[in-house]
Amino acid sequence: MSALIFVYNADDGLAAALLDAVHKTVAPASYPCSLCAITYGPVSMKRAWKAYLAALPHEKRFFHRQSFARAHPDLRNLALPAILIDHGDGPAPLLSAAEMNALPDLGALIAALDARLGPA
């Protein structure tokens with residue numbers, strides 16, 4: 001089974017999460033993680049995104065930038081945020097940072113993923 005890998009352009013840890021929540025609220029235009037901004041509210045994953053992920057037949061893996069760099073040092077220079085897919089032979093880009101940053105909302109993200117993943 002293939003795995004979807006979601007890599008946030010954000011730091012690990014509770015303190016970072018708190019700072020991110022404030023940043024998204026106070027200055028959303030300058031927040032560096034479009035994946036976080038689209039899929040999370042102030043403190044938790046959006047229900048529609050959670051339901052969409054649950055319906056996908058793929059394994060899901062979630063990383064913040066530091067943990068992704070440790071797990072995949074060969075992809076340390078990948079622009080983030082990004083969504084990758086791994087069919088068992090290593091992660092390959094599914095949605096790049098540029099594509100993620102151009103998405104206006106959760107509906108557009110879901111449509112882009114559906115287009116790339118094809119029929120379930």
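Every number in this text was worked out from the coordinates using simple rules, so none of it is lab data. All values derive from a computational prediction rather than experimental measurement. Every residue, glycine among them, receives a Cβ derived from its backbone with ideal geometry; neighbour counts consider all protein chains shown.
Working note: Cα gyration tensor of region 55-120, eigenvalues times five, square-rooted, sorted largest first, giving semi-axes of 21, 16, 10 Å.
The modelled label-to-label distance for the pair ALA3/VAL43, using points 7 Å beyond Cα in the direction of Cβ, is 3.1 nm.
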